[in-house]
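Novice: First, the structure itself, so that you have it in front of you.
Values quoted throughout were computed directly from the atomic coordinates according to the rules given, and no laboratory measurement underlies them. Model, not experiment: these values are computed from the prediction. Please note: Cβ atoms are built from the backbone with ideal geometry, for glycine as well, and neighbour counts cover all protein chains shown.
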Amino acid sequence: MTAGNDLAAARVRQLIRLTEDLTDRLINETRAFESRRPQDVAAGMAETQEMANTYRRESAQLKASPAALADAPAADRMALIAATQAFEAVLARHGRAVEAARVISEGLVRAIAEEMAAARPPASAYGASGAAAPGDGRAVTLNRTA
């Protein structure tokens, strides 16, 4: 093996390790979302985001220059392809779980806001004496977009 082959093989193995580590994180996050425990994901979000950014950056570099891995052993390249396919499957499942959690959260917020609005007394601008009637000091804002 030449130095170029060694470098390509090391890069492929690094990408495989990153892809597998990110896949494992997303599997654990997906399990948390599916178990209705999204709060379990919060502690590791920064690390997951950092890993995802690294993966995105490495993938973009590889897409821009695929020849960089041409000297890597075929078995390593096939392992990278398999790891990437597994990652993409897990990513799709993770996306569905996150979307479901978002829809549920927004529905809860909307239901609470609507209940609070319905519980308020009707507004009356002025009383019989011409003085402003005391109003409810609580403010509720419901933004229709996420």
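Novice: What ³J(HN,Hα) values, in whole Hz, does the Karplus curve 6.51 cos²θ - 1.76 cosθ + 1.60 give for the stretch 7-14 when θ = phi - 60°, with x put for Gly and Pro?
Specialist: Taking θ as phi minus 60°, the curve returns 5, 5, 5, 5, 5, 4, 5, 5 Hz for the stretch 7-14.
Novice: Further question: Taking the Cβ of Arg17 as the centre, find all other residues whose Cβ is under 13 Å away and add up their charges (Lys, Arg: +1; Asp, Glu: -1).
Specialist: On the way: positive: Arg11, Arg13, Arg25; negative: Glu20, Asp21, Asp24, Glu58, Asp76.
Its environment carries a net charge of -2.
Novice: Using the Karplus curve 6.51 cos²θ - 1.76 cosθ + 1.60 with θ = phi - 60°, what ³J(HN,Hα) values do you get for each residue of the stretch 53-67, in whole Hz, with x for Gly and Pro?
Specialist: Computed from phi, the couplings for the stretch 53-67 are 5, 5, 4, 4, 5, 5, 5, 5, 5, 5, 5, 6, 9, x, 5 Hz.
Novice: Write out the trypsin sites (Lys or Arg not before Pro) in the stretch 10-49 meeting two conditions: DSSP loop, and at most 11 other Cβ atoms within 10 Å of their Cβ.
Specialist: Numbers: sites: Arg11, Arg13, Arg17, Arg25, Arg31, Arg36; in loops: Arg36.
Taking the stretch 10-49 and a limit of 11 other Cβ atoms within 10 Å, the loop trypsin sites (Lys or Arg not before Pro) found are Arg36.
Novice: Same structure again: From the phi of every residue in the stretch 34-40, what ³J(HN,Hα) in whole Hz does the Karplus formula 6.51 cos²θ - 1.76 cosθ + 1.60 yield, where θ is phi - 60° and glycine or proline is x?
Specialist: Using θ = phi - 60°, the values come out as 5, 8, 6, 10, x, 5, 5 Hz.
Novice: If only Cα atoms are counted, what is the Rg of the stretch 15-123, and what is its Dmax, in Å?
Specialist: When restricted to Cα atoms, the stretch 15-123 yields Rg and Dmax of 20.1, 75 Å.
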